[in-house]
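Chemist: After the structure tokens below, expect a handful of questions from me.
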Amino acid sequence: MKVAEERAPGAPAAEGFIPLCVPELRGNEWKYVKECLDTNWVSSVGTYVDRFEKSVADAVGARCAVATVNGTAALHVALLVAGVEPGDEVLVSTLTFIAPANAIRYVGAWPVFVDAEPRTWQMDPDRVVEFLETGCERRDGELRNRATGRRVRAILPVHILGHPVDMDPIIEAARRFGLAVVEDATESLGATYRGRPVGHLGDVACFSFNGNKILTTGGGGMIVTDREEWARRAKYLTTQAKDDPLEFVHGAVGFNYRLTNVLAAMGVAQMEQLESYVAAKRRIAERYRQAFARTPGISSFGEADWARSTFWMSTILVDREVYGVGSRDLLRLLEERGIQTRPLWEPIHRCRAHEGLCAGPVAVAEQLNRDALTLPCSVGLTEEQQCRVIDGILDAGARRRS
Ligand SMILES: Cc1ncc(COP(=O)(O)O)c(C=O)c1O
């Protein structure tokens, strides 16, 4: 029985099905959305767009925020305002959802993939520094990749799974080599790095509010930055580069990347609950950690001592040799019990869309892709549901070993 695959979009979940990660709408969402409908402010301007932008900017301590239709659009425009041009190269994590690499290609630039580091699974700062120091050279005042001859323009660290990247060495290297830092913080709203909010560590950062994120507007994104000029440019580019509010005069090729007031209204309501959602995610991760603390072959995704993770996703590593079951077999065994789990992404350097160019070895990302499994972790996951997931995992290992 393939419970997860048999569900048609929009169909009610099968009785007892435990999904991986679904939205939690228990605050003022209805009230604020209704207000938009009642007042006819349903389109891409309105007070909720402004309020949503302000609430995200305030949450990360940034001066400016620009709402976008989704996180991928936010990344596209963030790269443009950061000065990335066709033919440039951008260093990006290889172990992540594919959107940041796609955004790099949208601007005509090339991704250079960086491995994860084994402790936090995030972009490895040592690999970044090593590549910049030994794989690049200065030519005519510009940093160029020795192998390709292309200009290296930016670093795009992705804070995956709710945990921050170790940013200080990356920012230090970016300053030393004159590169922009564009944070992909789409998965980590609410996390902190050495006490500083994720999304306020580089030059510009992006968030996503798609359906599986810690907060959702159904679909949506945000660009945040302290640089007012960059924010103005981002607003301009995301609203069709309109030079005159009345006449149809356009000064550049812009995009229709605006977020509607209706969705922003949802966003405002969701932002009001951010802290309680982070607390719920952290509780769920802690319960898994305790449950598997003495299970040979299962280790939980943790938290560096300099980080406060949101544990947007609760992920385990399954050591097939020790546990007796590999991650994909475990996925199928849990699926038979109506429990949805997911592996981590195929490292992007291996995807046909982007294969190639890496800054050094990428063995850690390969191993994490093979062994990791993300477990149900919706904000609304009940203790009883979580016990079913835990029992399912413990049973699978016990049966194989006996
Ligand atoms: C790391 C990462 N970057 C970018 C995105 C793109 O966000 P969106 O789906 O809102 O376009 C996502 C999620 O979907 C993501 O997980």
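The values are calculated or read from the model by the stated rules, or taken from the named source; none is laboratory data. Note that the coordinates shown come from a computational prediction; the quantities given were computed from them, not determined experimentally. Glycine also receives a Cβ, built like all others from the backbone with ideal geometry; neighbour counts cover every protein chain displayed. Side chains are part of the model used for accessible areas, which takes the heavy atoms of the whole protein and leaves out ligands, DNA and RNA. Shrake-Rupley method; radii C 1.70, N 1.55, O 1.52, S 1.80 Å.
Chemist: More than 16 Å from the ligand (Cβ to nearest atom) and within 14 Å of residue 207 (Cβ to Cβ): does that describe residue 14?
Modeler: no
Chemist: A further question on this structure: Quick one: would you say residue 210 is within 16 Å of the ligand (Cβ to nearest atom) and surrounded by fewer than 16 Cβ atoms within 10 Å (Cβ to Cβ)?
Modeler: It is false that residue 210 is within 16 Å of the ligand (Cβ to nearest atom) and surrounded by fewer than 16 Cβ atoms within 10 Å (Cβ to Cβ).
Chemist: If a residue has to be small (Gly, Ala, Ser), more than 10 Å from the ligand (Cβ to nearest atom) and buried (at least 19 other Cβ atoms within 10 Å of the Cβ) to count, how many in the stretch 81-116 make the cut? Give the steps one after another, and end with the answer.
Modeler: So in the stretch 81-116, the residues small (Gly, Ala, Ser) come out as 82-83, 87, 93, 99, 101, 103, 108-109, 116.
With more than 10 Å from the ligand (Cβ to nearest atom) added as a condition, the list becomes 82-83, 87, 108-109, 116.
Now drop any that are not buried (at least 19 other Cβ atoms within 10 Å of the Cβ), which leaves 82, 109, 116.
Count: 3.
Chemist: Any chance the stretch 8-26 includes a residue that's more than 18 Å from the chain's Cα centre (by Cα) and open to solvent by less than 10 Å² (accessible area, probe 1.4 Å)?
Modeler: Yes, that holds for at least one residue.
Chemist: Before we move on, is residue 69 open to solvent by less than 50 Å² (accessible area, probe 1.4 Å), within 16 Å of the ligand (Cβ to nearest atom) and of a type in the set (A, V, I, L, M)?
Modeler: Working: open to solvent by less than 50 Å² (accessible area, probe 1.4 Å): no; within 16 Å of the ligand (Cβ to nearest atom): yes; of a type in the set (A, V, I, L, M): yes.
Against the criterion (open to solvent by less than 50 Å² (accessible area, probe 1.4 Å), within 16 Å of the ligand (Cβ to nearest atom) and of a type in the set (A, V, I, L, M)), residue 69 does not qualify.
Chemist: In the stretch 204-227, how many residues are touching a strand residue (DSSP E or B) at 6+ places or on another chain (Cβ under 6 Å) and either among the acidic types (Asp, Glu) or at positive phi (or both)?
Modeler: Looking only at that region, the number is 0.
Chemist: Now, a different point. What residue, among those in the stretch 215-227 that are within 11 Å of the ligand (Cβ to nearest atom) and open to solvent by 10 Å² or more (accessible area, probe 1.4 Å), is farthest from residue 19 (Cα to Cα)?
Modeler: So in the stretch 215-227, the residues within 11 Å of the ligand (Cβ to nearest atom) come out as 216-222.
Remaining after also requiring open to solvent by 10 Å² or more (accessible area, probe 1.4 Å): 218-219.
Values: 218: 17, 219: 19 Å.
Top of the filtered list is 219.
Chemist: Any residue in the stretch 161-187 that's more than 30 Å from residue 284 (Cβ to Cβ): show its pairings with residues that are among the acidic types (Asp, Glu) and away from the ligand (no atom under 13 Å from the Cβ) at Cβ separation under 6 Å, as long as the two are six or more apart or on different chains.
Modeler: Taking only residues 6 or more apart or on different chains, the pairs are 180/203; 181/203.
Chemist: Conditions first: (1) of a type outside the set (Gly, Ala, Ser); (2) within 16 Å of the ligand (Cβ to nearest atom); (3) open to solvent by less than 10 Å² (accessible area, probe 1.4 Å). Residue 255 passes all but one, so which condition is the exception?
Modeler: In the conditions (1) of a type outside the set (Gly, Ala, Ser); (2) within 16 Å of the ligand (Cβ to nearest atom); (3) open to solvent by less than 10 Å² (accessible area, probe 1.4 Å), residue 255 misses (3) alone.
Chemist: Are any residues in the stretch 38-94 polar (S, T, N, Q) and either in contact with a Gly (Cβ under 6 Å, 6 or more places away or on another chain) or part of a loop (DSSP other than H, G, I, E, B) (or both), and if so, which ones?
Modeler: Residues of the stretch 38-94 that are polar (S, T, N, Q), as a first pass: 39-40, 43-44, 47, 55, 68, 70, 72, 93-94.
Matches in the stretch 38-94: 40, 43, 44, 68, 70, 94.
Chemist: Considering every residue within the stretch 330-341, establish whether at least one is farther than 30 Å from residue 127 by Cα, out of contact with any helix residue (DSSP H, G or I) (no Cβ under 8 Å at 6 or more places or on another chain), crowded, with 19+ Cβ neighbours inside 10 Å and not small (Gly, Ala, Ser).
Modeler: There is at least one residue in the stretch 330-341 that is farther than 30 Å from residue 127 by Cα, out of contact with any helix residue (DSSP H, G or I) (no Cβ under 8 Å at 6 or more places or on another chain), crowded, with 19+ Cβ neighbours inside 10 Å and not small (Gly, Ala, Ser).
Chemist: Find the residue count for the stretch 356-372, including only residues that are among the small types (Gly, Ala, Ser), at pLDDT 90 or above and open to solvent by less than 10 Å² (accessible area, probe 1.4 Å). Reasoning before the result, please.
Modeler: Initially, the stretch 356-372 is screened for residues among the small types (Gly, Ala, Ser), giving 356, 359-360, 363, 365, 372.
Now narrow it down to the ones that are at pLDDT 90 or above: 363, 365, 372.
If we keep only those that are open to solvent by less than 10 Å² (accessible area, probe 1.4 Å) too, we end up with 365, 372.
Residues meeting the conditions: 2.
Chemist: Take the residues in the stretch 300-314 that are over 22 Å from residue 211 (Cβ atoms), out of contact with any Ser or Thr (no Cβ under 6 Å at 6 or more places or on another chain) and small (Gly, Ala, Ser); name whichever of them is surrounded by the most Cβ atoms within 10 Å (Cβ to Cβ).
Modeler: For the stretch 300-314, the residue satisfying everything is 307.
Chemist: Name the pairs whose Cβ atoms lie under 8 Å apart, with the first residue in the stretch 338-351 and touching a residue at least 40 places away in the same chain (Cβ under 8 Å) and on the phi < 0 side of the Ramachandran plot, the second of a type in the set (Lys, Arg) and open to solvent by 40 Å² or more (accessible area, probe 1.4 Å), and 6 or more positions between them or separate chains?
Modeler: Listed pairs, sorted by first residue: 339/388.
Chemist: Kindly establish whether residue 183 is of a type outside the set (Phe, Trp, Tyr), closer than 26 Å to residue 166 by Cβ and within 12 Å of the ligand (Cβ to nearest atom).
Modeler: Against the criterion (of a type outside the set (Phe, Trp, Tyr), closer than 26 Å to residue 166 by Cβ and within 12 Å of the ligand (Cβ to nearest atom)), residue 183 qualifies.
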